[in-house]
Amino acid sequence: MHITMIGSGYVGLVSGVCLADFGHDVICVDKDSAKIEALKSGEIPIFEAGLKTLVAENVRAGRLSFSTVVKESVAKSDVVFIAVGTPSRRGDGHADLSYVYAAAREIAEHITGFTVVVTKSTVPVGTGDEVERIIREANPSADVAVVSNPEFLREGAAIEDFKRPDRIVIGLSDDRARSVMTEVYRPLYLNQAPLLFTERRTSELIKYAANAFLAMKITFINEMADLCEKVGANVQEVSRGIGLDGRIGSKFLHAGPGYGGSCFPKDTMALAKTAQDYDSPVRLIEATVSINESRKRAMGRKVIAALGGEVRGKTIGVLGLTFKPNTDDMRDSPAVSIIQTLVDAGARVVGYDPEGMENARKVIDAIDYAEDAYDVAKDADGIVIVTEWDQFRALDFARLKSIMKAPVLVDLRNIYRREEIAKFGFAYSSVGRPAMDIPAATEH
Ligand SMILES: NC(=O)c1ccc[n+]([C@@H]2O[C@H](COP(=O)([O-])OP(=O)(O)OC[C@H]3O[C@@H](n4cnc5c(N)ncnc54)[C@H](O)[C@@H]3O)[C@@H](O)[C@H]2O)c1
């Protein structure tokens, strides 16, 4: 099967290479010529484990190539995926669909033979209707079916998620398109991954509902964490206690500095906007958006409190800048707001991230950057763990204490326990755990 992937960013590149790995012929297109040149020379523009090798293997096998032009690839494709960005529209929080519609316009005139155009980007309900309208207007004779197939992969585990998804959601009403999409995903179907066929609008909404639910779950446990701090309870035990209930589930119940990343912030906001437009407001999601937004700066204030309430002239080291580990993505990372709060309060901030430094420099310029965790800690009045990279999970606290001005650790990811840190003479504060760690609840 011949496939064109329009947009070779996180989703387009990972989806494209995985589809090639299934045996399809895939051309990944991007209008960013520097990105395409890099890909052609074997460089991968994002940090994602296993991606470089998988791209190289499929390029070598002749199943994957890269281009900046859509013409030839679309003309010979059975399926054209649109995987371009849908960021928040500046000013109002709706999804900015200009890239999706531009892609639809660009491909329309090159469509020949029956072609399935698949929107993989996260798009509000009704976007597929507009994509179809644009294509039919530009090319009235096109034999085309427009399908919704949202992507659920997570950065940091993207290949695994694409190849072993919990489900594949496909929204369509055309039987020929259904056969084509079944063929596209045949290897996964044989792997028992359920293909969920539904109407296009329902499929579009499923993606937003999934992200909004997960964002809400995180926000719920974050509020529980705040309450735990007030009442002397332990949020990790609360998470475990409720997560073992099969109806609730244990995932996305880790209290922390608030969700960030390239999806949850913009998608929760876009869903809230769509719902308002349809006079059916989703108040739980509106509350989620606003609670999460205020939480990030509140975490900055928590750090200030841990350093005695005054940080002017103090040096604070920040460990982890990306919105989560195993990615170099800085989009909407909580670190940005936390650091801004510290800088606004007069602190000097030194940051380090294992993979995100290059992207961090583009969005945070008011800080110094260090070489590693110990470089961050040098002469610091306190250090803060913002992102739970593995290399921050076994820090040498004796060494840290010997180089810091004051031994203060704020652990916004709860990766340590107070008693193990106290042994080294550190003042320790975390999220939603009492001043003294209580013994773990025993299971019977
Ligand atoms: N990143 C994730 O983890 C993730 C997960 C699931 C879904 N999504 C959704 O997938 C979509 C893409 O996200 P992303 O993170 O891959 O974005 P991205 O910004 O990493 O990549 C988008 C790419 O599309 C290219 N592009 C834009 N217009 C183009 C055009 N007309 N022709 C060719 N290329 C074009 C851009 O140059 C860019 O390289 C979004 O809707 C996002 O919400 C993202």
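The values are calculated or read from the model by the stated rules, or taken from the named source; none is laboratory data. Everything quoted here is computed from the prediction, not taken from an experiment. Cβ: placed from backbone, ideal geometry, glycine included. Neighbour counts: every protein chain shown.
Residues that are in contact with a strand residue (DSSP E or B) (Cβ under 9 Å, 6 or more places away or on another chain) and within 30 Å of Met269 (Cβ to Cβ) do not occur anywhere in region 40-60.
Looking across region 171-184, the residues that are more than 16 Å from the ligand (Cβ to nearest atom) and not acidic (Asp, Glu) come down to Leu172, Ser173, Arg176, Ala177, Arg178, Ser179, Val180, Met181, Thr182, Val184.
Of the residues Ile304, Ile291, which is under 20 Å from Val235 (Cβ atoms), at pLDDT 95 or above, among the hydrophobic types (A, V, I, L, M, F, W, C) and outside the structural domain of Ala49 (by TED's automatic domain parsing)?
Ile291
Would you confirm whether any residue within region 122-134 is crowded, with 17+ Cβ neighbours inside 10 Å, acidic (Asp, Glu) and near the ligand (Cβ under 9 Å from one of its atoms)? Within region 122-134, not a single residue is crowded, with 17+ Cβ neighbours inside 10 Å, acidic (Asp, Glu) and near the ligand (Cβ under 9 Å from one of its atoms). Of the residues making up region 228-242, those that are free of Cβ contacts under 8 Å to residues at least 60 places away in the same chain and either surrounded by fewer than 17 Cβ atoms within 10 Å (Cβ to Cβ) or not assigned by TED's automatic domain parsing to the domain that holds Ile415 (or both) are Lys230, Val231, Ile242.
For Asp21, are the conditions met, namely being in the same structural domain as Val116 (by TED's automatic domain parsing) and farther than 25 Å from Pro265 by Cα?
Criteria met by Asp21.
State yes or no: is Asp96 assigned by TED's automatic domain parsing to the domain that holds Thr119, modelled with pLDDT of 95 or more and surrounded by fewer than 20 Cβ atoms within 10 Å (Cβ to Cβ)? Taking the combined requirement at face value, the residue satisfies it. Looking across region 140-170 at every residue that is within 11 Å of the ligand (Cβ to nearest atom) and among the charged types (D, E, K, R), the one that is nearest to Tyr208 (Cα to Cα) is identified as Glu151.
Of the strands (runs of 3 or more DSSP E) lying entirely inside region 1-100, those containing at least 1 residues that are of a type in the set (S, T, N, Q), over 16 Å from Ser121 (Cβ atoms) and within 14 Å of the ligand (Cβ to nearest atom) span 64-67. The residues of region 107-121 that are surrounded by fewer than 24 Cβ atoms within 10 Å (Cβ to Cβ) and touching an Asp or Glu at 6+ places or on another chain (Cβ under 7 Å), listed by number, are Gly113, Phe114, Lys120. Among the residues making up region 135-179, those that are surrounded by fewer than 20 Cβ atoms within 10 Å (Cβ to Cβ) and part of a helix (DSSP H, G or I) are Arg136, Glu137, Ala138, Ile159, Glu160, Asp161, Lys163, Asp175, Arg176, Arg178, Ser179. What do you reckon, is Ala193 part of a loop (DSSP other than H, G, I, E, B) and either at pLDDT below 95 or within 21 Å of Val116 (Cβ to Cβ) (or both)? Considered against the rule, which asks whether it is part of a loop (DSSP other than H, G, I, E, B) and either at pLDDT below 95 or within 21 Å of Val116 (Cβ to Cβ) (or both), Ala193 comes out as yes. Need pairs with beta-carbon distance below 6 Å; first residue at negative phi and within region 402-414, second of a type in the set (D, E, K, R); sequence gap 6+ or separate chains. Pairs found: Ile403/Lys378; Lys405/Asp379; Lys405/Asp381; Ala406/Asp381; Pro407/Lys401; Arg413/Glu388.
Residue by residue, here is whether (1) assigned to a loop (DSSP other than H, G, I, E, B); (2) away from the ligand (no atom under 16 Å from the Cβ); (3) farther than 28 Å from Thr86 by Cα; (4) touching a strand residue (DSSP E or B) at 6+ places or on another chain (Cβ under 7 Å) holds:
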position	(1), (2), (3), (4)
Gly261	yes, no, no, no
Asp267	no, no, no, no
Asp279	yes, yes, no, no
Leu284	no, yes, no, no
Val303	no, yes, yes, yes
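Residues considered: Glu358, Glu371. Of these, the only one that is acidic (Asp, Glu), under 23 Å from Ala49 (Cβ atoms) and away from the ligand (no atom under 16 Å from the Cβ) is Glu371.
Looking only at region 396-418, decide whether some residue is assigned by TED's automatic domain parsing to the domain that holds Arg297, of a type in the set (Val, Ile, Thr) and closer than 30 Å to Gly93 by Cα. Scanning region 396-418 turns up no residue that is assigned by TED's automatic domain parsing to the domain that holds Arg297, of a type in the set (Val, Ile, Thr) and closer than 30 Å to Gly93 by Cα.
Let's see how each residue does on (1) under 28 Å from Val125 (Cα atoms); (2) over 16 Å from the mean Cα position of the chain (by Cα):
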residue: Ser203; (1), (2): yes, yes
residue: Ile218; (1), (2): yes, no
residue: Ile221; (1), (2): no, yes
residue: Ala225; (1), (2): no, yes
residue: Ala233; (1), (2): no, yes
residue: Gln236; (1), (2): no, yes
residue: Gly241; (1), (2): no, yes
residue: Gly258; (1), (2): yes, no
residue: Phe264; (1), (2): yes, no
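In the condition set (1) touching an Asp or Glu at 6+ places or on another chain (Cβ under 7 Å); (2) at pLDDT below 95, Ile415 is compliant with all but (2).
The set of residues from region 101-131 being closer than 18 Å to Ser8 by Cβ, touching a helix residue (DSSP H, G or I) at 6+ places or on another chain (Cβ under 7 Å) and assigned to a strand (DSSP E or B) comprises Val117, Thr119.
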